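These notes are about the structure you will find just below.
The values are calculated or read from the model by the stated rules, or taken from the named source; none is laboratory data. In this text, all values refer to a predicted model and were calculated from it rather than measured experimentally. Cβ placement follows ideal geometry from the backbone for every residue including glycine, while neighbour counts extend to all protein chains displayed.
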Amino acid sequence: MPIPAHDATVLRLDRVTLQLGGREVLREVSLDLRAGEFVGLIGANGAGKTTLLRVILGLLRPNSGTVEVLGRPLRRGNRAVGYVPQKQQLDPDIPLRGRDLVGLGIDGHRWGVPFPSARRRARIEEALRAVDADHYADAPVGRLSGGEQQRLLIAQALLAEPRILLLDEPLASLDIKSASEVVRLVARIGRERGVSVLLVAHDMNPLMDVMDTVVYLAEGRAAVGPVTEVVRTEVLSRLYGYPVDVLQVRGRILVLGGSEVLMGGHTDHEMHAHG
Amino acid sequence: MKCMPMADWIRQYLFSPDMFSNDQVTGALLAGGEVAAVSAVLGYFVVLRGLSFMGHAVTDIGFTGGAGASLLGLNALWGLATFCVAAALGVGALGNRARERDVATGVTLALALGIGAMFLYINTRYVSAPFTLLFGSIFEVDSDTTRVMAWVGMACLAVLAVLYRPLLFSSLAPDTAEARGVPVRLISAIFLVCMAVAVAEAAQVVGVLLATALLIGPPATAAYLVARPGLGMALAAAIGVLETWLGIDLAYVSYDWPPGGKGWPVSFFITSLALAGFITARLLRPAFRRRVSAARPRPRVV
């Protein structure tokens, strides 16, 4: 697959609206993702982040609006879209190695049994090195930490040679140091391979150094653009539908609605720990 | 007590080569080995997908089918297999809501056992039917049934070979597999049918109550020892066959065990060996874990 020229649009959502169970989860969401761009998809629980990812993956069909991947209408199972799901700790006794999990990214969707080959092994090895996971790839996958499993899932997604990488809450339940490692890793992969990244998070602060564009989701609506244009009192007040304040406290961005912290008050780690 | 040489003692009480000239025993070795191998390979995925309880429920519901067929004077194996497949599809259709499924499965299997018990109670034609269904009748399996079971078992393995990669994918990373276009639900349904057929066959050997021993025991044992899928399945099959053969051998020589004149049930030996194997592997696991962590020089990323 030829690498699209820089600035070429790889993903376009045009006024996507989706209802689930009578509730409008996404309202007229539009967004353009360019080749090599790093986008943070930011919003609170229930803002519609995972729903939006499922639309982009073709697992949910919007009620109105269009989704195009590489200029073509969306279809399910598109190899151009790589997906790293929200972490689920695997059972510790699962009888598989990390590299078995990663190898599924090459041919897991095909029927039949895999044929080991030098080329297959080399590709797996390359993907493992890309995420710095080669030194634990032979350990049983269930015994690895959440962060280690996450890297393996990123390697698995890379093996399909995607143009777009979707990551659902990769920073959840990671401490600050590990979270910034994952962010740097994903940004490096995006840069080196010309892959566009759409990373879902509660908090945009860990992404500030690498994020080109923010997609801020609230109440099913999205505000899209550079952080300095989107994360502003008037823009976000319009999005939430009530007055909110954007504050900068010691380099951290906070969004407040009344006395409630809407974004940035906790790291994702803390939010998880407190349920 | 008179002392006898060690070899004679073993010959009498542990392993007696003349069992190979007994048709019932060779038939049992063939049928048992075949069933154990198929069960273990399918069981590998049952363990991977966390379906042990469901595997057990499916056999219990199959018991109702077997008892019903026996009541009607039909072949119990077919009744058993039909109900196992229907049960697997039914439970599978409940979907992936694990907690709901757990409760629904539990309630259904209790009801099925109750109905089966009633069938057996009013069944006066075949006095041995309850025991056979519940605890198996490996020495009674005729060669025609063995042949049919071998074909069905091979068909199961063939289907599993076709499903292999997407099944592994959807067992480990269901969301990613679905996103890559794997028909996750269809694959799950086909797998459940294969599992149902395998446990119906295993029920012939060790009975419905203990069929899960062959389905879960060997793969769970292998899972403690190796972490590669292909090797794990092969090891599980080898363990299953070995345990079954050893069980048959012990059942054969147990005619000379106290109280004497009556062999011990083969199901007892097979399930005991399965448990012993499992516990041994679990005890060996720490050594295995150390070996793995020694191969990881860099510290864990938490």
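Please give the number of the condition residue A:167 fails out of (1) away from chain B (no Cβ under 12 Å); (2) modelled with pLDDT of 95 or more.
Of everything listed in (1) away from chain B (no Cβ under 12 Å); (2) modelled with pLDDT of 95 or more, residue A:167 misses just condition (1).
Scan the stretch A:31-63 residue by residue and report those that are assigned to a strand (DSSP E or B) and either over 15 Å from the mean Cα position of the chain (by Cα) or not β-branched (Val, Ile, Thr) (or both). Steps first, answer last, please.
Just the residues of the stretch A:31-63 that are assigned to a strand (DSSP E or B), to begin with: A:31-34, A:38-42.
Listed by number, the residues that qualify are A:31, A:32, A:33, A:34, A:38, A:40, A:41.
Among the numbered conditions (1) closer than 28 Å to residue B:247 by Cβ; (2) crowded, with 21+ Cβ neighbours inside 10 Å; (3) without any contact (Cβ under 8 Å) to a residue 24 or more places away in the chain, tell me where residue B:166 comes up short.
Going through (1) closer than 28 Å to residue B:247 by Cβ; (2) crowded, with 21+ Cβ neighbours inside 10 Å; (3) without any contact (Cβ under 8 Å) to a residue 24 or more places away in the chain one by one, residue B:166 breaks only (1).
Can you spot a residue in the stretch B:255-269 that is more than 14 Å from chain A (Cβ to nearest Cβ), surrounded by fewer than 24 Cβ atoms within 10 Å (Cβ to Cβ), within 18 Å of the chain's Cα centre (by Cα) and under 19 Å from residue B:51 (Cα atoms)?
Quick first cut of the stretch B:255-269, residues more than 14 Å from chain A (Cβ to nearest Cβ) only: B:255-269.
Within this subset, residues satisfying the condition of being surrounded by fewer than 24 Cβ atoms within 10 Å (Cβ to Cβ) are B:255-265, B:267-269.
Keeping just the survivors that are within 18 Å of the chain's Cα centre (by Cα) gives B:265, B:267-269.
Checking which are under 19 Å from residue B:51 (Cα atoms) leaves us with none.
Scanning the stretch B:255-269 turns up no residue that is more than 14 Å from chain A (Cβ to nearest Cβ), surrounded by fewer than 24 Cβ atoms within 10 Å (Cβ to Cβ), within 18 Å of the chain's Cα centre (by Cα) and under 19 Å from residue B:51 (Cα atoms).
Residue A:194 versus (1) closer than 30 Å to residue A:238 by Cα; (2) touching a Gly at 6+ places or on another chain (Cβ under 8 Å); (3) away from chain B (no Cβ under 12 Å): which is the lone unmet condition?
(1)
In this structure, does residue A:151 turn out to be more than 7 Å from chain B (Cβ to nearest Cβ) and buried (at least 24 other Cβ atoms within 10 Å of the Cβ)? Break it down stepwise before answering.
Working: more than 7 Å from chain B (Cβ to nearest Cβ): yes; buried (at least 24 other Cβ atoms within 10 Å of the Cβ): yes.
Criteria met by residue A:151.
With respect to the numbered conditions (1) closer than 28 Å to residue B:24 by Cβ; (2) within 14 Å of another protein chain (Cβ to nearest Cβ), which one is the sole condition not fulfilled by residue B:238?
(2)
Please report, ordered by residue number, the helices (runs of 4 or more DSSP H) entirely within the stretch B:129-179 with at least 3 residues that are touching a Ser or Thr at 6+ places or on another chain (Cβ under 8 Å), modelled with pLDDT under 90 and farther than 17 Å from residue B:30 by Cβ. Give the steps one after another, and end with the answer.
On the way: elements: B:129-135, B:143-172, B:174-179.
Here the list reads B:129-135.
Residues in the stretch B:51-73 that are in contact (Cβ under 8 Å) with a residue 24 or more places away in the chain and outside any helix (DSSP H, G or I): how many?
The total comes to 2.
Output yes when any residue across the stretch A:70-90 is among the hydrophobic types (A, V, I, L, M, F, W, C), buried (at least 17 other Cβ atoms within 10 Å of the Cβ) and more than 14 Å from chain B (Cβ to nearest Cβ), and no when none is.
Checking the stretch A:70-90: at least one residue is among the hydrophobic types (A, V, I, L, M, F, W, C), buried (at least 17 other Cβ atoms within 10 Å of the Cβ) and more than 14 Å from chain B (Cβ to nearest Cβ).
Within the group A:123, A:99, which residue is surrounded by 16 or more Cβ atoms within 10 Å (Cβ to Cβ) and either within 11 Å of another protein chain (Cβ to nearest Cβ) or assigned to a loop (DSSP other than H, G, I, E, B) (or both)? Please lay out each step first, then the result.
Numbers: A:123 fails: either within 11 Å of another protein chain (Cβ to nearest Cβ) or assigned to a loop (DSSP other than H, G, I, E, B) (or both).
Answer to the check: A:99.
Can you confirm whether residue A:66 is closer than 30 Å to residue A:28 by Cα, of a type in the set (Ser, Thr, Tyr) and outside any helix (DSSP H, G or I)?
Values: closer than 30 Å to residue A:28 by Cα: yes; of a type in the set (Ser, Thr, Tyr): yes; outside any helix (DSSP H, G or I): yes.
Considered against the rule, which asks whether it is closer than 30 Å to residue A:28 by Cα, of a type in the set (Ser, Thr, Tyr) and outside any helix (DSSP H, G or I), residue A:66 comes out as yes.
If you go through the stretch A:220-273, how many residues are acidic (Asp, Glu) and modelled with pLDDT under 90?
Final tally of qualifying residues: 3.
Could you please find all residues in the stretch B:180-214 being within 14 Å of another protein chain (Cβ to nearest Cβ), crowded, with 22+ Cβ neighbours inside 10 Å and either in contact with a Cys (Cβ under 8 Å, 6 or more places away or on another chain) or not in a loop (DSSP other than H, G, I, E, B) (or both)? Talk me through it step by step, then tell me what you get.
Narrowing the stretch B:180-214 to residues within 14 Å of another protein chain (Cβ to nearest Cβ): B:180-187, B:190-191.
Next, from what is left, pick out any that are crowded, with 22+ Cβ neighbours inside 10 Å: B:180, B:182, B:191.
Passing the criteria: only B:191.
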